[in-house]
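J.: One structure coming up, written as structure tokens, with questions to follow.
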Amino acid sequence: MSIETKNETKKWRLPAEWESQSMVQLTWPHAKTDWAPMLEEITETYNEMASAISSREDLLIVAPEGVQPMFNVQCSMFNTNDTWARDHGFITLVDDEGHARLLDFCFNGWGEKFEAALDNAINRRIYDEGKVKGEYVDCLDFVLEGGSIESDGEGTIFTTSCCLLAPHRNQPMTKSQIENRLKRDLCAERVLWIDYGHLTGDDTDGHIDTLVRIAPNHTLLYIGCDDEADEQYEDLKKMEEQLKSFCTMEGEPYQLVKLPSPRAIYDEDGERLPATYANFLIINGAVLVPTYNQPDLDTEAMKLIGEVFPDREIVGIDCNSVIKQHGSLHCCTMQYPKL
């Protein structure tokens, strides 16, 4: 889709995550976040993520004054509410001439569930500091989290109706109005809506990056469930059937790869946590895959993901700490395309 600019027409698109990247952003945990009771544990996980990323591409860390991550990487010192860079980070469009548009959408704590004013200001701060490159685009009149969308880089956006139509996001906009806004802002040709699939314990109202991920060769990796006694079984089975009905823009069915669901993990209050293998991060030369100390399922998930990304190293990152705050590896990160 084209956007008219001052004296020219440019073709912009939202690249697929597996395309070349310039850097990844992490927003660092600290004592004034919900991570406070387990700060040492989560910091160890972030150190592992940071090491895996920074050894392969540039890394930007956002952290408040006085919190100094143990990495010689680019940092922005700024107060934050939390650490979910996927949802408060820029969504970046590119054109074929090496230009970028940095879309700054409103992040309101997943439908006003949590305070997010500081996180919602991060993008403007790192842009003003020159930490990110491109044209700043104010989209703050529309609530959109990076974890709620997937792009194939060819004009198709995947999302979930349970998230984008959830309360306190963009009401009173209708589904049709929201779809038109997505197509306009993300320069997409079409939007495919997934109407089923929800993980117990998920605060995001069903982010697609916990359920279904797009991969090269028109492949969809999705979370499946074969245990009829599992409370998530019925909804995930309906999601699977809907995915079978989807077609590419050429009218061909997608290749479907079913990832296992981790066995149920509970917090100290007995509440189920939203563990998922779909929340992997694709970076230059590697895919970082969340693991949950379930060797058989961890190995199976990494094998399946490796078959879809045969040219990349598959690196497991223990995310038992991250899911205690109801997220996982992809939720913690935001990639920026190479220009």
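J.: In deg cm²/dmol, rounded to 500, what helix-only [θ] at 222 nm does the chain give when every DSSP H run of at least 4 residues adds -39500 (n - 2.57) and the total is split over its residues? List each step's numbers first, then the result.
T.: Working: 9 runs with 77 residues, N = 339.
Calculated mean residue ellipticity at 222 nm is -6500 deg cm²/dmol.
J.: Have a look at the DSSP beta bridges in the range 36-179 and tell me what percent are antiparallel, nearest 5. Let's see the in-between values first.
T.: Numbers: 7 of 17 bridges.
If we restrict to bridges inside the range 36-179, about 40 percent are antiparallel.
J.: Students often forget the sequence filter, so: which aspartates and glutamates lie under 19 Å Cα-Cα from Lys244 once same-chain residues fewer than 8 apart are removed?
T.: Glu150, Asp152, Asp195, Asp209, Asp226, Glu234, Asp235, Glu252
J.: Per residue of the range 60-68, in order, report the coupling 6.51 cos²θ - 1.76 cosθ + 1.60 (Karplus, θ = phi - 60°) as ³J(HN,Hα) in whole Hz, putting x for Gly and Pro.
T.: The phi angles translate into 10, 10, 9, 8, x, 3, x, 9, 10 Hz.
J.: Calculate how many DSSP beta bridges within the range 2-337 are antiparallel, expressed in % of all such bridges and rounded to the nearest 5. Show your work: numbers first, answer last.
T.: Values: 25 of 56 bridges.
Antiparallel bridges: around 45 percent, rounded to the nearest 5.
J.: Which of rounded, prolate, oblate describes the range 151-279, given a ≥ b ≥ c as roots of the alpha-carbon gyration tensor eigenvalues and a/c under 1.5 marking rounded, otherwise prolate only if a/b is larger than b/c?
T.: Taking the square roots of the gyration eigenvalues as a ≥ b ≥ c, the range 151-279 is oblate.
J.: Going by amide H atoms built from the backbone, whose H comes under 5 Å of the H on Ile317, apart from near neighbours?
T.: Residues meeting the criterion, in which the H sits 1.01 Å from N, are Val289, Thr291.
J.: While we're on this one: About its Cα centre, how strong a charge dipole does the range 4-149 have in debye, to the nearest 20, once Lys and Arg get +1 and Asp and Glu get -1 at the Cβ? Let's see the in-between values first.
T.: On the way: 13 positive and 27 negative charges, 52 e Å.
Using only the charged Cβ atoms, the result is roughly 240 debye.
J.: Another question, then. May I ask for the net charge around Lys244, where only other residues with Cβ less than 15 Å from the Cβ of Lys244 are counted and Lys, Arg are +1 while Asp, Glu are -1? Please report the intermediate quantities before stating the final value.
T.: Values: positive: Lys237, Lys238, Lys258; negative: Asp195, Glu240, Glu241, Glu252.
Once positives and negatives cancel, what remains is -1.
J.: Turning to a different aspect of this structure: In terms of Cα to Cα distance under 19 Å, which lysines are near enough to Lys11, apart from those fewer than 8 places away along the same chain?
T.: Within the straight-line cut-off, Lys11 pairs with Lys133, Lys183, Lys338.
J.: Pop out the Kirkwood hydrodynamic radius of the range 62-201 from its pairwise C-alpha distances, inverse of mean 1/r, in Å to one decimal. Don't jump to the answer; show the numbers that get you there.
T.: Numbers: mean 1/r = 0.0614 Å⁻¹.
16.3 Å is the Kirkwood radius here.
J.: Going highest first, how would you order 67-78, 189-200, 262-273, 122-133 by mean Cβ packing within 10 Å? The partial results should precede the final answer.
T.: Values: 67-78: 14.8, 189-200: 18.3, 262-273: 12.8, 122-133: 16.5.
Packing proxy ranking, top to bottom: 189-200, 122-133, 67-78, 262-273.
J.: A further question on this structure: Within the set Lys32/Lys113; Lys32/Lys324; Lys237/Lys258; Lys258/Lys324, which residue pairs have Cα atoms separated by over 20 Å? Please list the in-between numbers first.
T.: Details: Lys32/Lys113 17 Å; Lys32/Lys324 16 Å; Lys237/Lys258 11 Å; Lys258/Lys324 25 Å.
From Lys32/Lys113; Lys32/Lys324; Lys237/Lys258; Lys258/Lys324, over 20 Å: Lys258/Lys324.
J.: While we're on this one: Once amide H atoms are placed 1.01 Å from N in the peptide plane, what residues at a sequence separation of 5 or more from Leu192, or on another chain, have their amide H within under 5 Å of its amide H?
T.: Close amide H contacts, sequence-distant or interchain: Ile157, Phe158, Thr159.
J.: If amide hydrogens are placed 1.01 Å from N in the peptide plane, which non-local residues have theirs closer than 5 Å to the one on Gln74?
T.: Those qualifying (amide H under 5 Å, at least 5 residues apart or on another chain) are Leu59, Ile61.
J.: So how far apart, in nm, are the two label points at Asp267 and Asp138 if each is 7 Å from Cα heading toward Cβ?
T.: 3.7 nm
J.: Show me, for the range 161-171, the HN-Hα J-couplings you get by feeding each phi into the Karplus relation (A = 6.51, B = -1.76, C = 1.60, θ = phi - 60°), rounded to Hz, glycine and proline as x.
T.: Along the range 161-171, the couplings run 5, 5, 8, 5, 9, 5, x, 6, 9, 9, 4 Hz.
J.: Report Rg (one decimal) and Dmax (nearest whole number) for the chain, counting Cα atoms only, units Å.
T.: In order Rg, Dmax, the Cα atoms of the chain give 18.7, 60 Å.
J.: About its Cα centre, what dipole magnitude does the chain give when the only charges are +1 on Lys and Arg Cβ and -1 on Asp and Glu Cβ, stated in debye to the nearest 20?
T.: On the way: 30 positive and 60 negative charges, 206 e Å.
Charge dipole, the chain, about its Cα centre: 980 debye, nearest 20.
J.: Same structure, new question: If you plug each phi of the range 287-302 into the Karplus form 6.51 cos²θ - 1.76 cosθ + 1.60 with θ = phi - 60°, what whole-Hz ³J(HN,Hα) values come out, in order, with x for Gly and Pro?
T.: Here the 3J(HN,Hα) series is 10, 8, 10, x, 10, 9, 6, 10, x, 5, 6, 4, 5, 5, 4, 5 Hz.
J.: Would you please put 307-314, 38-45 in order of how densely packed they are, using the mean number of other Cβ atoms within 10 angstrom per residue and starting with the highest? Spell out each step's value before the answer.
T.: Details: 307-314: 14.2, 38-45: 15.8.
Packing proxy ranking, top to bottom: 38-45, 307-314.
J.: From the C-alpha coordinates alone, can you work out the Kirkwood hydrodynamic radius of the range 78-138, in Å?
T.: Across the range 78-138, the inverse of the average 1/r is 12.2 Å.
J.: Just rank Phe114, Phe280, fewest to most, by other beta-carbon atoms within 10 angstrom.
T.: Values: Phe114 14, Phe280 27.
With the sparsest Cβ surroundings first, the list reads Phe114, Phe280.
J.: With the cut-off at 1.5 for a/c, could you classify the range 35-130 from its C-alpha gyration tensor as rounded, prolate or oblate?
T.: Values: a/c = 1.83, a/b = 1.16, b/c = 1.58.
Judged from the Cα gyration tensor, the range 35-130 comes out oblate (a/c at least 1.5, b/c at or above a/b).
J.: Could you work out how far the C-alpha centroid of the range 257-295 sits from that of the range 80-131, in angstrom?
T.: Spelled out, the Cα-based centre of one part sits 25 Å from the other.
We did not get these values from a lab; they are worked out from the coordinates using the rules stated. All values reported here derive from a predicted model rather than from experimental measurement. Please note: Cβ atoms are built from the backbone with ideal geometry, for glycine as well, and neighbour counts cover all protein chains shown.
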